[in-house]
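Working notes, structure below.
The values are calculated or read from the model by the stated rules, or taken from the named source; none is laboratory data. The structure presented is a predicted model; accordingly, all values stated were derived computationally and were not measured. FYI the Cβ positions are ideal-geometry reconstructions off the backbone, even for glycines, and counts take in every protein chain you see. Calculation scope for accessible area: heavy atoms of the full protein, side chains included, ligands and nucleic acids excluded. Shrake-Rupley method; radii C 1.70, N 1.55, O 1.52, S 1.80 Å.
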Amino acid sequence: MSVMEMSHRGADYMQIHAQTKQHLRQLLNLSDDYEILFLQGGGHLQFAMLPLNLMQAGDTAGYITTGVWSEKGLEEAQKIAPQYGLNVIEIASSANSQCTDLPNLAELTIDPSLAYVHLCHNETINGVECTTLPNMNGVALVVDMSSNFLSQPMDVNQFGVIYACAQKNIGIAGLAVVIIRKDLLQRPHCAVPSMLDYAIHAAQDSMYNTPPTYAIYMAGLMFEWLIEQGGLAVIGERNAAKAKRLYDYIDGSGFYRNSIAVACRSRMNVPFTLLDAGLDVPFLAQAQAEGLTQLKGHRLLGGMRASIYNAMPMAGVEALIAFMQRFAKTFE
Ligand SMILES: *Cc1c(COP(=O)(O)O)cnc(C)c1O
């Protein structure tokens, strides 16, 4: 029987569910202060669940905007805030650099009266990744790690909530992983439908209704694979090496360009442009013909983007660079 045929209440699936959680705990060295939730609705539903679960009427949340995804998170929170008497404010932004740099997070002063602060840890479309965090002044830091979750070692204790949709760096679409500090589950919060209530999902071990069993099973296989590779330290070194190789080539090429400030270049998503944008179309067509797919940049930004998630081996990065070299040579 395939996992997709199993009852989620049956012993076989229950075992998969428990083991998947256990492996994630092991990878992150997660303490008992944190709960793991397996939810549906992707990253987008978290944009709405966060303010509804972490605030009650009169509370204020602070958002740091650093690119497309954090702006979406802010917009969604602001959209629902008035109905519940919540306040959602932007406390820092990198709009003045067109999101090619981060605000100086280490210098940011966080108002201790905020209910939480939201930050996107890796801006998938813009190619910007955080390497420092604000001094939180006791305020819970909530991070969107949809595109860099489990890509390097991290200290979970710095965060109140970590959330990630599965389809970037974990497994397949249909699952969002939420890691939440248990005290935040006790907070008085907005009256929401049960499916949007973290506390209800936590109390039911993410089985309040039928969970996305196959997506959870797939995530479990990835967690096992990561453990076999040697854990997050090993995968983190690999990811750093892959990214360095690609950025070094781009910077030295004189033909391609990445315009993100060096200190916050993403190790997962590498956007680049051709100095002559008129060559974008033939570049993508020839890359596609050689089996190098999904290089077109996001429609909001244009250009190219190489996503080099955990699953991409160094050989894939080398193949891309070899193609980029050949393509550039034909225009010398
Ligand atoms: C993809 C992505 C999302 C949205 O995920 P969905 O599952 O499509 O809703 C949110 N945040 C970041 C950083 C992402 O990369």
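What the Cβ-Cβ distance of Ser194 and Glu228 gives, at R0 = 35 Å and to the nearest 0.05, is a FRET efficiency of 0.40.
If R0 is 30 Å, what FRET efficiency do you get for Met207 and Glu75 from their C-beta distance, rounded to 0.05? After rounding, the FRET efficiency stands at 0.40. Axis angle, to the nearest 10 degrees, between helix 314-329 and the longest C-alpha principal axis of the chain: 40 degrees. Take the alpha carbon atoms of the range 1-142, find their radius of gyration, then divide it by 2.2 N^0.38 Å using N residues; give the quotient. For the range 1-142, the normalised Cα radius of gyration is 1.25.
Scanning residues 5 or more positions from Met55 or on other chains, those with amide H under 5 Å from its amide H are Cys190, with H placed 1.01 Å from N in the peptide plane. Size of the range 127-265: Rg and Dmax of its alpha carbons, in Å, are 18.1, 56. Toward the positive end of the charge dipole of the range 189-304, with +1 on the Cβ of Lys and Arg and -1 on the Cβ of Asp and Glu, the farthest Cα among Asn269, Gly297, Phe283 is that of Phe283.
Per-atom-type breakdown for the chain gives carbon and sulfur 52% of the accessible area (1.4 Å probe, protein chains only). Residues within the reach of a label modelled at Ser97 (point 7 angstrom out along Cα to beta-carbon, backbone nitrogen below 15 Å), restricted to the range 245-282, are 258-267. One Cα centroid belongs to the range 149-204, the other to the range 1-51; the line between them spans 10 Å. Taking label points 7 Å from Cα along the Cα-to-Cβ direction, Ala173 and Asn29 give a separation of 3.6 nm. For the peptides 87-97, 101-111, the ranking by packing is 87-97, 101-111, with the highest mean count of neighbouring Cβ atoms within 10 Å listed first. Averaging 1/r across all pairs of distinct Cα atoms in the range 1-80 and inverting the result yields a Kirkwood radius of 15.7 Å. With the highest mean first, a sort of the peptides 32-44, 53-65 on other beta-carbon atoms found within 10 angstrom per residue produces 53-65, 32-44. For the chain, the longest principal axis of the C-alpha atoms and the axis of helix 280-289 are separated by about 80°. Starting from the alpha-carbon convex hull of the chain, give the projected area averaged over all orientations, in nm². For the chain, averaging the hull's shadow over all directions gives 17.7 nm².
With N the number of residues in the range 220-282, Rg(Cα) / (2.2 N^0.38 Å) evaluates to 1.46.
Calculated accessible area for the chain comes out at 44 Å² per residue, all protein chains present (probe 1.4 Å; ligands, DNA, RNA ignored).
Taking Lys and Arg as +1 and Asp and Glu as -1, the other residues whose beta-carbon sits under 14 Å from that of Ile179 total -2.
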